[in-house]
1. Need one number: the % of Cα-Cα pairs in segment 24-130 sitting beyond the 23 Å mark.
2. With each pseudo-label sitting 7 Å past Cα toward Cβ, what's the LYS862-ALA841 distance in nm, one decimal?
3. Going by C-beta contacts inside 10 Å, put PHE405, PHE427 in order with the fewest on the left.
4. Taking the highest mean first, how do the peptides 217-226, 408-417, 527-536 order by number of other beta carbon atoms within 10 angstrom per residue?
5. Rank the residues ASP714, ASP333 as a footprinting-exposure proxy: fewest other Cβ atoms within 10 Å of their Cβ go first.
6. For the Cα atoms of the chain, what angle does the longest principal axis make with the long axis of helix 850-861, in degrees from 0 to 90, nearest 10?
7. How large is the charge dipole for the chain, taken about the Cα centre, if only the Cβ atoms of Lys, Arg (+1) and Asp, Glu (-1) carry charge, to the nearest 20 debye?
8. Give the peptides 58-65, 609-616 in descending order of average Cβ contacts within 10 Å, highest first.
Amino acid sequence: MIRKLKQIIGEYYPGFLYDETTSPLLWVFHKVLSRVQMTGEYIEDLRDLSRKGIVVHALKNSSQLNALILWNISKREGITRPVYCHGINMILWQPFTKALRSLLSLFFYNPYKRKFLKEITKQKQTSVIYLRGSEFIGSNYEKDPLLELISAQKELDVPIYLVPQLVTYGRRREKKDKTLIDLLFGEVENPGALRRIINFARFSKMAFVISAEPVNLKEYLDKQRGSSLSPGTVAYLLRRKLIEQIDEEKKAIVGPVLKSREEIIEIVLRDPQLVTFMKDMSDQENKTYDDIFKQSKKYLYEIASDYNEAYIGIWNKVLTWLWNDIYDGVVVDKEGLARMRNVAKKMPFVVVPCHRSHIDYLFLSYVFYHNNIQLPFIAAGTNLLFWPMGHIFRKSGAFFLRRTFRNDILYGHVFSQYIKVVMQEGFPIEFFIEGGRSRTGKMVMPKYGLLSMVIQAYREGACDNLAVIPVYIGYDTVIEEKSYLKEIGGGKKELEKTSSLFKSRKVLRKRYGSVYMNVGEPILLKDYLRSHDLPMEEMSMAERQSFYRKMGYEIVGEINKISVVSPISLVAAGLLCHYRRGISHDDLMSLLDEFYDYLAHRKVRFAATFANKEKALIEALNRFESLGQITRMGPEEDEDDELAETIYSVEDDKRMSLEYYKNNILHFFVPLSFVANSILSTTDDDIPLSKIVEDYSYFKRLFRHEFIFDDTVDDMEEVNNILSYIHDKGMIVGHDIDGEAWIEVKGRGRTLLVPYGGLIHNYIESYWIAMRGTAYLKDKKRQEKDLVKRIQKLGAKMYKKGEISKAEALSRLNFQNAVKFLTEAEILKPEGDEEDSRKDARTFSLTDDKALMESLRHRLFKFM
């Protein structure tokens with residue numbers, strides 16, 4: 001009787017999963033489940049694993065919902081579907097008749113005693129297991145699934161792939177303080193069934209699945225062969241490994257447990273180092289400790305972030321709409337982001353992007369959010385503390401620092417201690433090493449303040465290791481273009497304020513092309529410091545400053561290296577490098593081909609649109625024309641074919657706009673531009689190599705405040721690399737004269753070098769104008785602001801007279817950098833504090849060394 005009943009009922013288990021067409025509840029929930037995303041790389045990995053072996057999905061905690069999500073994604077993406085969930089009761093999701101049989105079958109069959117997981121795995125079926133805990137009662141017969149899988153693997157030729165799976169609903173950080181809801185419905189880390197369903201209902205559109213590194217069980221057991229470990233111990237170690245991998249993935253996404261702002265402030269104020277400093281300061285300045293303490297607390301309330309997940313969700317919706325409305329595309333470095341995620345699993349990290357626009361703050365966090373990387377705490381200037389944006393930025397993870405605090409020692413110590421505590425807590429930090437936004441489109445020389453604080457915090461034990469990650473962000477068009485041009489032209493910088501928000505509505509009426517992001521190689525601080533012979537503890541102050549400078553330049557050098565060449569930037573370079581009023585379409589395309597070949601030789605990163613190069617360049621030209629930045633003159637209808645051609649020209653008042661985008665990629669051309677200008681500075685075709693190297697070194701000194709140079713490559717090596725390239729292009733040949741290396745310019749070599757030289761000619765002209773402008777100091781000292789203003793007016797006169805050819809040479813920022821060079825060259829004698837933000841803080845007078853002055857003027861003039 002019982003045997004016959006067993007045969008009628010059959011062997012069915014609560015863990016079985018069936019097609020949703022036979023399950024009413026699955027059919028109803030299919031649309032909701034289909035919202036959960038898994039990125040393409042993980043899907044491809046699962047497909048590949050399914051072809052090579054048997055996939056077993058491993059969840060950290062038991063969950064019907066998470067098992068259904070894995071099943072739904074597998075069905076949706078054409079991956080081998082799990083047919084069985086070990087230890088997870090799926091009766092609710094089974095067809096009625098099969099659910100009834102599963103219930104009745106439990107009287108006769110026990111999946112754990114029968115080792116059903118082992119049997120179904122030997123049949124090469126995919127399954128789902130969980131690694132700890134159960135949300136259901138009545139699992140008395142439950143056995144370790146890993147023991148069954150280990151046993152199955154020993155009887156299989158193909159490997160079993162255990163894939164740790166993290167299913168997460170949104171990006172909410174776990175908070176330190178537990179609420180009543182946590183106690184009743186389970187914590188965020190391990191929610192109860194009801195809380196999980198509520199979370200999924202609220203955040204299903206933000207839910208996603210991440211696969212951690214799979215474990216090849218065959219290889220894992222092979223490594224254990226010969227050891228004295230029992231199967232139970234092997235299973236325990238394997239479980240711990242899988243759980244650690246899931247936890248690492250979660251840490252990479254949401255970060256560590258979040259303490260409140262008040263708690264972070266309290267930790268900073270109670271730090272022994274800061275307490276000692278405050279006590280010493282109260283003694284030295286004859287103030288009470290309470291007064292110093294209150295001032296420190298006031299500073300911290302100005303500085304500290306107040307991260308709130310709700311604001312992140314709002315930003316996500318706003319920015320998704322904004323990007324779609326103003327940008328044509330967002331192009332991100334997926335491989336670089338994957339490297340960053342791997343780093344985030346192992347250690348805290350600091351993101352150091354270039355700074356081109358206020359959009360940078362928003363864009364980077366948005367990319368991290370959508371690529372499952374924990375959001376950083378962002379260093380922002382106090383200029384962004386205006387209402388209401390200051391409040392919103394603070395709630396979104398921003399912390400604030402003053403432009404300078406050299407004269408406020410207490411503020412500096414408090415801020416440094418805040419950085420240290422943020423790092424101790426394991427939160428990533430983002431700061432812009434250039435200090436402010438680049439108004440020129442090229443990298444600004446690095447500032448070392450925040451970098452030195454981060455390194456100091458690491459040295460004081462804030463974390464075991466730290467990754468510093470350079471990031472490039474670039475735009476086809478920056479939304480602040482007009483304000484940048486105004487500042488470069490000598491206009492006053494506009495302060496950020498609430499009224500600017502209303503003006504920004506104009507931004508929404510335009511399209512700004514594409515945005516690009518690339519990730520550089522992480523600098524692991526432990527290894528980086530170890531590679532230096534002298535420990536930082538033994539460095540003098542001067543040696544430390546040199547160390548910070550070296551690291552700062554390596555970071556900005558890496559950002560330059562990973563920057564993207566876009567069609568916009570390449571076309572801008574082609575339109576500005578020649579010396580005529582206009583250029584024909586054919587000549588421009590030929591020139592851009594030359595530039596493209598050189599960049600390809602340097603193995604730079606091109607925008608994806610270069611897959612169809614001609615189309616991309618034409619679209620860039622059309623964009624410039626539609627914005628009124630260039631003028632196109634086409635052939636007349638009845639014009640002779642010999643005369644019919646299209647001409648492009650750039651009006652004087654538009655050249656500075658194109659200069660910004662040319663500067664985005666100028667650093668790639670700088671070495672060749674230096675060599676080209678050296679060759680073009682003489683009419684002789686035979687030129688000694690020593691002359692070119694000498695000129696190259698001179699340009700590096702002259703433009704040390706303009707361009708980032710690679711100090712790991714000496715000048716001779718760099719020059720030889722350039723000469724090798726132009727030799728292969730047929731522009732020069734090399735030969736010896738009396739044992740000395742010379743080059744000879746051949747054929748059209750000089751003509752072909754002119755555009756390369758022209759790329760930096762506006763900088764040469766800017767410095768020549770500044771050199772001429774030192775005449776304003778013959779009779780009296782002048783304040784820096786007044787001197788630069790007079791130099792700019794002189795430049796305008798020289799341009800009108802035809803003494804200089806490039807309107808973009810009239811850049812206030814170029815003149816400021818030229819003043820720095822002339823000061824270092826001891827042509828100008830400064831008085832006052834260079835670091836003082838007030839432009840009237842320093843005055844300049846002229847050197848008495850007339851010979852030095854004349855020598856520099858003569859040297860520079862030969863490149864004009």
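No value in this document is a laboratory result; all are computed from the given coordinates. What you are looking at is a predicted structure, and each value in this text was computed from that prediction instead of being measured. We place every Cβ from the backbone using ideal geometry, glycine too, and count neighbours over all the protein chains shown.
1. Details: 1684 of 5671 pairs.
Within segment 24-130, distances greater than 23 Å cover 30 percent of Cα pairs.
2. 3.9 nm
3. Numbers: PHE405 16, PHE427 23.
Starting with the residue having the fewest Cβ neighbours, the order is PHE405, PHE427.
4. Details: 217-226: 13.2, 408-417: 19.4, 527-536: 11.0.
In decreasing order of mean packing, 217-226, 408-417, 527-536 become 408-417, 217-226, 527-536.
5. Placing the least packed residue first, the sequence is ASP714, ASP333.
6. In the chain, helix 850-861 runs at an angle near 70 degrees to the longest axis.
7. Numbers: 127 positive and 118 negative charges, 863 e Å.
Using Cβ point charges on Lys, Arg, Asp and Glu, the chain gives about 4140 debye.
8. Sorting 58-65, 609-616 by mean packing, highest first, produces 58-65, 609-616.
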